[in-house]
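**Q** This is the structure I have questions about; it appears just below.
The values are calculated or read from the model by the stated rules, or taken from the named source; none is laboratory data. The model shown is predicted, which means the values in this text are computed figures rather than measured ones. Don't worry about glycine lacking a Cβ; one is built from the backbone with ideal geometry, like all the others, and counts go over all protein chains shown. Surface accessibility is based on the protein's heavy atoms, side chains included, excluding ligands, DNA and RNA. Shrake-Rupley method; radii C 1.70, N 1.55, O 1.52, S 1.80 Å.
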Amino acid sequence: LLGDIPTLTNILLYHVVSGQEVRAAQVSAGPVMMANGAPASISLEGGVFVNESRVIEVDWLGTNGVIHVVD
């Protein structure tokens, strides 16, 4: 993907929710718009899922936001 920067950028931005800092205690089910303009779905049944991926670590604080790790 390093030879295709637009595709790499699109993939990386699909893993970012822009303009929001959401901690684990604030997560709610429903659709969310990712930074690349594509929708994702948050589910809270049987754990926290983004689309089909389970959130396995929460609230890693960075200088520019919060990271939640998916499997």
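**Q** Ranked by accessible surface with a 1.4 Å probe, highest first, in what order do E21, E57, E45 come?
**A** If we order E21, E57, E45 from most to least accessible, we get E45, E21, E57.
**Q** Still on this structure: In whole Å, what are the extents of the chain along the principal axes defined by its C-alpha atoms, from largest to smallest?
**A** The Cα atoms of the chain stretch 38, 27, 21 Å along their principal axes.
**Q** Can I ask one more? Using modelled backbone amide H atoms (1.01 Å from N, in-plane), which distant-in-sequence or interchain residues come within less than 5 Å of V58's amide H?
**A** V69
**Q** Taking all protein chains together and a probe of 1.4 Å, list H68, H15 from the most accessible to the least accessible. Write out the running numbers ahead of the final one.
**A** Details: H68 60, H15 125 Å².
The ordering from most to least exposed comes out as H15, H68.
**Q** Send over a whole-number figure in Å² for the accessible area per residue of the chain, probe 1.4 Å.
**A** Numbers: 5200 Å² over 71 residues.
With the other protein chains kept in place, the chain gives 73 Å² per residue.
**Q** Long-range amide H contacts for V48: which residues qualify at under 5 Å (H placed 1.01 Å from N, peptide plane, sequence gap of 5 or more or a different chain)?
**A** It is V55, by chain and number.
**Q** Check which residues have an amide H placed less than 5 Å from Y14's amide H, if you skip close sequence neighbours.
**A** The list, which skips near neighbours in sequence, is N36.
**Q** Under a plain spin-label model, where a point goes 7 Å from the Cα along Cα-to-Cβ, how far apart in nm are Q20 and T63?
**A** 2.6 nm
**Q** Hey, another quick one. Under the Karplus relation 6.51 cos²θ - 1.76 cosθ + 1.60, θ = phi - 60°, what is the ordered set of whole-Hz ³J(HN,Hα) values for the stretch 34-42, x standing for Gly and Pro?
**A** 7, 5, 8, x, 8, x, 9, 10, 9
**Q** Would you calculate a helix-derived [θ] at 222 nm for the chain, using -39,500 (n - 2.57) for each DSSP H run of n ≥ 4 and dividing by the full residue count, to the nearest 500? Could you put the intermediate results ahead of the total?
**A** Working: 1 runs with 9 residues, N = 71.
Helices in the chain give a 222 nm mean residue ellipticity of -3500 deg cm²/dmol.
**Q** Carbon and sulfur together cover what percent of the accessible area of the chain at a 1.4 Å probe radius? Don't skip to the end; give the middle numbers.
**A** Working: 3010 of 5200 Å².
Accessible surface attributable to carbon and sulfur in the chain totals 58 percent.
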